[in-house]
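A short worksheet on the structure shown next.
Bear in mind these aren't lab numbers, they're just calculated from the coordinates by the rules spelled out. Bear in mind that the values here come from a model prediction, so they are computed numbers and not experimental data. Cβ sites come from the backbone with ideal geometry, for glycine too, and all protein chains shown count toward neighbours.
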Amino acid sequence: MTRDDGERWFEEDPGPLVRPFAVTRGRAGAHLQDLDIITLVVAVRPAADAATLDREYGEILRMCQRRPLSVAEIAANLDLLVAAVKVLISDLIDSGHLIFRSPPPPADGRPDLKLLQAVLDGVRKL
Amino acid sequence: MAFANSDGPATGELAGLRAVKLLIAGGFGVGKTTMVGAVSEIAPLRTEERLSDIGASVDDLTGVEGKTTTTVALDFGRITINPQVVLYLFGTPGQDRFWFMWKELSVGALGAVVLADTRRLEDCFGSVDFFESRGIPFVVGVNCFDGADVYDEDEVRAALDIGDHVPVRLCDVRDRDSAKLVLVSLLEHAMRVALTTGGHAGA
């Protein structure tokens, strides 16, 4: 391929299709942080910081300002794949914009009876 | 109990908060999303998981950029149980080819509802097997569609070959109270299982 060909390729309009992992620069899986679909995250940096971030990162930072959101909710709000959103969230955790709380690992063994009872009480009250 | 927590000035906001999940499994069109919507405090949201991703540890996608991406939709809702506990309900596709997804979803799940349509009971055989083999507490909710043959709970139990300890509940998942009773039944069952097994996950 000549240099000219290369330049022309880059100048082509990529079109409206954004491949699922374009926003993660091609990274998938092997999450730096161990995130579950119900891992909760909340912003620890102000929304104003969003201006300094790429668009998707900024959106996540803004939507997590007031209250913790799950990975699933963020993925649904952004209309991105869960796996892609996990990569973005991991980056924001690493950069100190978000903190997270994952459910305890199953290796913990015993189900938490108090937690089960609380959920049962809550559902009964619906 | 150990948690994976990160440090930060707002750690306190998350420190006392727990997210838990229940699964609603069943065949196509059996009413999973309807049930989520009946009890959720938010309109059901939809996320998509990529079929080839789940459970795989792929560092990058170099060389697969041109592959067609196949995704599977996952509808879910949320119930704020109390200021410390948030419950998420995930409607999970019941077809065999989506089982890979259940592995991740079912980790840490408090339990599952297997939704059944008596016109297509065989659609939930796979779900029943999955939850039985993994020791995840489950109940069978028989969604009584208009015009469907009405079987009683014992007939459904026999047809599905499940033990007497597994609750079977006739329900109408469009109805909030009916859907709620199925969830109550599941959580009561999960409590019994936890008490009788000594509480080991997978027991």
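Give the average, rounded to an integer, of partner chain Cβ atoms located within 10 angstrom of each Cβ in B:166-178.
Numbers: counts 0, 0, 0, 0, 0, 0, 0, 0, 0, 0, 1, 1, 0.
Mean shielding count: 0.
Determine the shielding of peptide B:19-26 by partner chains: average, over its residues, the number of Cβ atoms on other chains within 10 angstrom of each Cβ.
On the way: counts 12, 7, 6, 2, 0, 0, 0, 0.
Whole-number average of other-chain Cβ neighbours for B:19-26 is 3.
Averaged over peptide A:35-45, how many Cβ atoms belonging to another chain are found within 10 Å of each residue's Cβ?
On the way: counts 1, 7, 11, 13, 2, 6, 2, 6, 3, 8, 3.
Averaged over the peptide's residues, the number is 6.
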